[in-house]
Structures are given as C-alpha cells and as structure tokens.
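Presented below is the structure to which this report refers.
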Amino acid sequence: ASLGQLTAGIAHEIQNPLNFVNNFADLNHELLEEMKTELVNDNREEAIAIAADIQENEQKISFHGKRADAIVKSMLQHSRSGDAKKEPIDLNDLCDEYLRLSYHGLRAKDKSFNVKLETSFDDTVGKPALMGQDIGRVLLNLYNNAFYAVHAKAVALKNHESGNPGKPSAINGSILNDAAYEPVVSVSTKREGNRIVLCVGDNGKGMPPHVLDKIFLPFFTTKPTGEGTGLGLSLSYDIITKGHGGEIKVNSVEGEGSEFVISLPC
C-alpha cells in the first residue's frame, strides 16, 4: 500500500510540470503558425509581438522542465543502493561549513537579506563515523528550510509595515506586530552518553500542528509550487533513520519558529 501511494505521488508530481510543458509547447506551435501568417502579410509589428509571447512561453517550458528534473533527481537520491561508507567525520566542522554554504547561497540571490547565525559546538563530539556526503545533504536541506522560514517571516513583516499584505500570506497574524524582528538561524551539537544530538533551529514563521505529522512524507511541502519538491525532509528522514540508525524530530510553534533535533548513535 505504501509503495502504491508513493508511486501515485511520483506520477502526480511529475505529471504536473509535464502538463505545463506540453501545453506551452502546443501553444507555441499555434503561435508560430500565426507568426508565419503575419510575416507573409508583412505585419512586422504583430509578428514581433507574437515572437515575444513565444519567448515567454519558452521560459515557462524551461522552468517546469527543470522542476520535473529536480523531482527525478531527488527520487534517484531516495533510491540509491546505499553503497556509501561511514568514515570518521569532524561533525562540528561539517555543520559550520554547510551553514555558511547555505547562507551565502541565499545571499547571492538577495544581497539585502541578513540573518544572525548562532553556533554552539560541543568539542567532545569528536569525529563520529558517518556518511559525510549524506549528512551534508541533510544539513543543507535543514539550513535552506530555516533560511526560507525566517526570510518568509521578514517579508511578511515588511509587507505588513508598508500596508501591502503581499506574499507570503500564510503567517500567524500575531507575529505581524514584531517590529524589532531579527532573523536567527542556529545550529548546535552536543554529546549525550553514547549519542550525538544535533539541533537546527530558527525563529521563522513556524508550522501549525496539523502540518507536523506530514512533513517527513514524500512530496509534502508548505512551499509554493515551484519552490520545493517536497522530497528534502523525506530524504533527510531516510538518511538519518535508515542510513545511520538515528532519529529526527521537529518542534515548532506557529509564528515563533521551528527546531529540528537529530540524534545519532556514536
């Protein structure tokens, strides 16, 4: 039953962007026929206008094609044979490196956006045996989600102050009076007996209770269409639980923020 549900989800998610690709491709075929007619009739201005429409449609085809490609690549990561080997990894360095990588990636898209980064690394964590690339993938996903959450909250507050509700709109109204809001993303590690606990937190928009039970399901996402495949947390869950025998949990309060807690055996 689970396999059937997953397969149906894959088919639905891939079919959606492919429908856009096919529809815009058909539309461009019709527009090209119209443009030929206008050129034959020497209506240059109309032909140029049609060409502009075709270019716009081509951009949409590219966008939705890349979305389908992202879904397929994420599913391939899910279905990997798991041949990666565990090696001693400096977990603190890995956490810090990927935090900077994610933050600078965001800053490259929006120079005006600033986030306070808070780190608290336990030196006794040492170098546990982990699949470094997979743990890096988990960290990058959690960091990107955290930055997305604080950015969404900052934009909502800015729009509220300017009298323009704008996007994102799905934010608890109680936070919209927080004029002194400072986006914060934090990461910490600590050793607890024979386990290592890794926490990634933010003071972003948070999640309502009915969402928390679904966030690790394949294709479930709270992001708008085109901004997330809904496979990042699902993949992260598999890497932590199946690949490393660990646990991953989330604590979140709508309007206040979220914290993901990873527990790994060492």
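The values are calculated or read from the model by the stated rules, or taken from the named source; none is laboratory data. Only a predicted model underlies this, so the values are computations on that prediction, with no experimental measurement involved. When we count neighbours, we look across all protein chains shown, and the Cβ atoms used for this are built from the backbone with ideal geometry, even at glycine. Remember, those area values only see protein heavy atoms, side chains included, never the ligands or the DNA or RNA. Shrake-Rupley method; radii C 1.70, N 1.55, O 1.52, S 1.80 Å.
Can you pull out the residues in segment 241-266 that are part of a strand (DSSP E or B), touching a Pro at 6+ places or on another chain (Cβ under 9 Å) and exposed (fewer than 15 other Cβ atoms within 10 Å of the Cβ)?
Pro265
Since Glu34 meets every condition but one in (1) over 23 Å from Leu233 (Cβ atoms); (2) of a type outside the set (A, V, I, L, M); (3) out of contact with any helix residue (DSSP H, G or I) (no Cβ under 9 Å at 6 or more places or on another chain); (4) open to solvent by 70 Å² or more (accessible area, probe 1.4 Å), which condition does it not meet?
With (1) over 23 Å from Leu233 (Cβ atoms); (2) of a type outside the set (A, V, I, L, M); (3) out of contact with any helix residue (DSSP H, G or I) (no Cβ under 9 Å at 6 or more places or on another chain); (4) open to solvent by 70 Å² or more (accessible area, probe 1.4 Å) applied to Glu34, the lone miss is (3).
Among the residues in segment 121-144, are any closer than 30 Å to Ala11 by Cα and open to solvent by 90 Å² or more (accessible area, probe 1.4 Å)?
Within segment 121-144, one or more residues are closer than 30 Å to Ala11 by Cα and open to solvent by 90 Å² or more (accessible area, probe 1.4 Å).
For segment 210-240, name all the residues that are part of a helix (DSSP H, G or I), at pLDDT below 85 and open to solvent by 30 Å² or more (accessible area, probe 1.4 Å).
Those that are part of a helix (DSSP H, G or I), at pLDDT below 85 and open to solvent by 30 Å² or more (accessible area, probe 1.4 Å): His210, Leu212.
How many residues are open to solvent by 40 Å² or more (accessible area, probe 1.4 Å), closer than 25 Å to Met131 by Cα and aliphatic (A, V, I, L, M) if we restrict to segment 94-111?
The qualifying residues number 1.
Of the residues that make up segment 48-66, is at least one assigned to a helix (DSSP H, G or I), open to solvent by less than 100 Å² (accessible area, probe 1.4 Å), over 23 Å from Ile135 (Cβ atoms) and at pLDDT below 80?
No; the residues of segment 48-66 include none that is assigned to a helix (DSSP H, G or I), open to solvent by less than 100 Å² (accessible area, probe 1.4 Å), over 23 Å from Ile135 (Cβ atoms) and at pLDDT below 80.
Just the residues that are open to solvent by 50 Å² or more (accessible area, probe 1.4 Å) and at pLDDT 95 or above, please, taken from segment 168-190.
Passing the criteria: only Lys190.
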